[in-house]
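The values are calculated or read from the model by the stated rules, or taken from the named source; none is laboratory data. Keep in mind that this is a model prediction, so the values were computed, not measured. Positions of Cβ are backbone-derived with ideal geometry, glycine not excepted, and every protein chain shown enters the neighbour counts.
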Amino acid sequence: MALETIVLAGGVVLVILVGGVVLIYNGLITARNRIDNAWSQIDVQLKRRYDMIPNLVETVKGYAKHEKSVFENVTKARAALMGAQTVGEKAKADNMLSSTLKSLFAVAENYPQLRANENFKMLQEEIAGTESKIAYARQFYNDSVLSYNTSIQTVPSNILAGMFGFKAREYFKTEGDEKENVKVSF
C-alpha cells in the first residue's frame, strides 16, 4: 500500500510538472507570436503610408515647385523605410519619414490654395490617420515585447526560455532628434 501511494504521488507530481512546462512553453510561444503579429500590423500601416506619399508629394509639387529639398528628403526617407530590415532600422527610417512628412505639411501651410485643394486635404487626413494607427501599433508592439521579455527573464519560465532558445526582442524606439518637434524655416 505504501508503495502504491508513493507511485501515485510521484505520478501526480510528474503530471503537475509536465503540465506546468507545457503551460509555460505555450505561454512563451503565444507571447512570441503576439510580437510577430504586432510587428506585421506596424508593417501594414507603414506600407499604407508609403503608398500614399507619392500622391501627396505630387499634389504639393504642383504648388511648391521651389521646395525641391523637401521633396528629395521625403523620397529618400521613403526609400530608406522600404530598405530597412531590422526593428531598429525600421524605427530609424520611420522616424526619419515622419519628420520629413512634418516638413512637407509645414511647406503646404505656406500655400493657401494648396490647403484648399480637396485632394491634398484628403491625403493629409489619410496620412494623419495612418500616423495615429502607426503610433498605436508601435505601442502595442512595445507592450507585447515588454510582456515577452519579462516572461523569458522571470522564474520559472526563464529556465524553459533558455532551454528552447527564446531570445529577447528589440523595442521599436524613437531616438535623439527624432523626439523633437520639426523646425521648418523659410
Only one residue in E72, E89, E58 is under 20 Å from Y171 (Cα atoms) and free of Cβ contacts under 8 Å to residues at least 40 places away in the same chain, so which one is that? E89
Identify, please: which residue in region 144-176 is in a helix (DSSP H, G or I) and hydroxyl-bearing (S, T, Y) and is, among those, nearest to A93 (Cα to Cα)? S144
Restricting attention to region 72-128, and to residues there that are under 21 Å from R138 (Cα atoms) and among the hydroxyl-bearing types (S, T, Y), which single residue is nearest to the chain's Cα centre (by Cα)? T86
Tell me yes or no: at least one residue of region 44-53 is of a type in the set (S, T, N, Q), modelled with pLDDT of 90 or more and surrounded by fewer than 13 Cβ atoms within 10 Å (Cβ to Cβ). no
Only one of (1) part of a helix (DSSP H, G or I); (2) under 23 Å from V145 (Cβ atoms) fails for Q85. Which number is that? (1)
Is there any pair linking a residue in region 115-132 that is buried (at least 18 other Cβ atoms within 10 Å of the Cβ) to one that is aromatic (F, W, Y) and in a helix (DSSP H, G or I), with Cβ under 9 Å and at least six apart or on different chains, and which? Q124/F105; I127/F105
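Quick grid of which residues meet (1) surrounded by 16 or more Cβ atoms within 10 Å (Cβ to Cβ); (2) at pLDDT 90 or above:
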{"site": "V12", "(1), (2)": "no, yes"}
{"site": "I16", "(1), (2)": "no, yes"}
{"site": "V21", "(1), (2)": "no, yes"}
{"site": "W39", "(1), (2)": "yes, yes"}
{"site": "V74", "(1), (2)": "yes, no"}
